[in-house]
1. Please find the FRET efficiency linking B:ALA73 to B:VAL146, where r is the Cβ-Cβ separation and R0 is fixed at 41 Å, and quote it to the nearest 0.05.
2. Quick one: Karplus J couplings for the stretch A:91-98, per residue in order, coefficients 6.51, -1.76, 1.60, θ = phi - 60°, nearest Hz, x for Gly and Pro?
3. Enumerate the amide H contacts of B:TYR82 below 5 Å, restricted to partners 5 or more residues apart or on another chain; note that Pro and chain-start residues carry no placed amide H.
4. In whole Hz, with x marking every Gly and Pro, tabulate ³J(HN,Hα) for the stretch B:133-139 from phi via Karplus 6.51 cos²θ - 1.76 cosθ + 1.60, θ = phi - 60°.
5. Given R₀ = 35 Å, FRET efficiency for B:SER132-B:GLU335 by Cβ-Cβ distance, to 0.05?
6. Return the loop-located trypsin sites (Lys or Arg not before Pro) in the stretch B:303-398 (DSSP other than H, G, I, E, B) with at most 14 other Cβ atoms within 10 Å of their own Cβ; answer none if there are none.
7. Going 7 Å from the Cα of B:HIS177 in the Cα-to-Cβ direction, what parts of the stretch B:197-236 have a backbone nitrogen less than 18 Å from that spot?
8. In whole angstrom, how far apart do the alpha carbon centroids of the stretch A:197-211 and the stretch A:1-53 sit?
Amino acid sequence: MWALELLQAVFDGLLFGATYAVIGIGFTLIFGVMHKINMAYAAASLAGAYAALLILQFVQAPALVVFLLAGVAGGALGLVIYLCCFRFMPLAAPLAPLMATIGMLMLIDEAIVHATEGMPLPYPALFDDVMLQLGEFTLRGDLLLVFGVSIACMGLMLALLYRTRLGLATRAVAQQPVAAQLCGVRLTRVNALTFVLTGLFGGIAGAMIGASVGTLSPLLILPVTIKGLIITVIGGLGSIPGAIVAGLLVGACENLFQFLRGVTERDIYVMLLLFVFLVFRPGGIFTPGRGRD
Amino acid sequence: MNLRSTTLLFACTAAAVAVAGTGAFAQDRVVKIAGFNGKTGVGRSFGLNAEAAMFAAADTINRSGGVKLGDGARGRIEVTFYDDRCNAEEGISVIRRVASGDAVVAIGPGCSNVAEPLYGILQKKVGDASDSGLQMPVFTDGAIKVGLARISEWAFRNVPNEQEMYKALFAWLRAEHPDLQTVYGGVEEDFAHSRSTWYAVMKERAKEAGFEVKGETKWLLADTNFATQVRELKAAKADIVALAAHPFTACGVLKEMRRQSVKPKVIVGLTSASSLETLRGCAAQAEGTYIPTSYAPVTKEASAAAEATARFNGNADLHSMGAWENVYIIKQVIESEGVLAKPDTVAADRRKIRDGLAKLKETDGLLGKSVRTPDREAIKPFVFVQASAGHWKVAHTPAR
């Protein structure tokens, strides 16, 4: 019975971890392309999810439409972040975009608080009352959907990166920006499109978080940002497969630690996990281990 | 001057005399009151509602002639509202700023994590020359954590007394449902109010009423996944589930309870969850939940206060209506203690207000008389509300 409960907790976490993975991919892809961290990414993702709720003020839209709109809004916000925090920042000052995105994170957070008065808003969900029963083992229908959508988003993003000209250009810019420019790749365009694409997937991830919680609250912004960063580090900065595995791993570990040690110690162990990776595997999951030197 | 102009002049003069007779023109001095609460961050709605309630109360008082000062003059109440971001450092900075200005009293804060350290920088004992703490009366309307006012003799609170409320609620449940035997708690472990309410109030009062408390499950304020906690809750098979949690996580837990088909016979909620937020977030899942609250629009005064607050874009709830009551109590104290509201009497006026508040044995509240305790707290009248079809409806009014 204990083992079953443990397995159940880990599996719940694994399913929920799919949303972390999508957020982690956004962080890591932007880092991979521009070698800069976008601290406002998770905030923009949740802002996209919030923005999609606006349609419900006018029409009774199905949940799927809300999810897609969240993606569109997330993409638009991604472009705004690129223009405000990266496009015109001097290349010689790497701290400038980092600080700008921290400012943007706070701005988006406060804008959401002002627009909603800080109140949690109900978020449309699909299959939120469906529970699949496999003996003693239960699976939440909405989390399975979230998992499925997140996996589909990851697959789509990988396909875009490895099967399209845009993906080729993006990877070229990520590896050798000067060489890519010499080959005719338009750096600004590729960077802007990277932000739009990651914003689009981020918006959908934000909507998935809203759908799985059933509510959106500004309270979510900081924890999701921190988780996104943890996943980016554990998965390896710039590694998309790493972000996917790290997202699922962090989701599962969170629930495992909570089950074994309680909620008050849970985050300590997640941080310890991050520390272990930073010391013993600083390049993340998919890079070979190397010495601290 | 033609006849029309003369008539107009006469009419204006007559109107001016008539208005002056009601006292509106005679408000020749300003009584400055500082309000503060969180208007930034997730507690923004608390701040906005408290601000609206204070402005509405001051406006209602000013329209009906203002406040009578110690030398017979009439004064107009002017409220300046500050944002403490529900943050202790910010709250301390606000109270220092207010104390260096000319406000005679401060009403706030709304968050217990602000109130506790903020009371700590006030003078502990009145008249203690060796204590350089601030000598500023602070009359709290929202921060509800049990027993805080004893920190300083300049601190007063008009907040619901949760000990009394949950004692009455569990006793009533015992009487109404003799078949109920067991209670299991769910607590937001990292939030001062929720935590203290479960461990020091709900749990103890439930035991006192003869219930067996089978334990508690815990989560954090920003948690999103409650599957493990609800499984613990399900395994406990308690008759009553008591949720010491604010709307965001309370709704998360209630939704997960529905998914896992956890159906306790009774659900009890935290006082702060008897708000619009809970109903907006999860009205269907919260159906039937009982919460004790010190505000419900059940009296003429309570309904009028809610309407006046709505005109200032605020909602009436147990927190914001505390702010409304505080403005009225301050008016009463200003009049009884002979506050002068002159620029050179600020310190003396603050002391008069402190002493006046300390003297009060009873105050008028929106639901009836509140008793003032020697440790500067209030025992306010309260009712039990129950979530029903998207509204909070009064389920029971305990006898006092």
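What follows is calculated from the coordinates using simple rules that are stated; it is not laboratory data. Quick caveat, the model's predicted, so the values are computed rather than measured. Every residue, glycine as well, gets a Cβ built from its backbone with ideal geometry; the counts of neighbours run over all protein chains shown.
1. Here the calculated transfer efficiency is 0.50.
2. Per residue, the Karplus-derived 3J(HN,Hα) values read 5, 6, 10, x, 6, 4, x, 4 Hz.
3. When sequence neighbours closer than 5 places are left aside, the close amide H contacts are B:GLY35, B:PHE36, B:ASN37.
4. Working through the residues one at a time gives x, 5, 9, 9, x, 10, 10 Hz.
5. The computed FRET efficiency comes out at 0.65.
6. B:LYS361
7. Correct set: B:202-217, B:233-236.
8. What the calculation gives is 9 Å, centre to centre.
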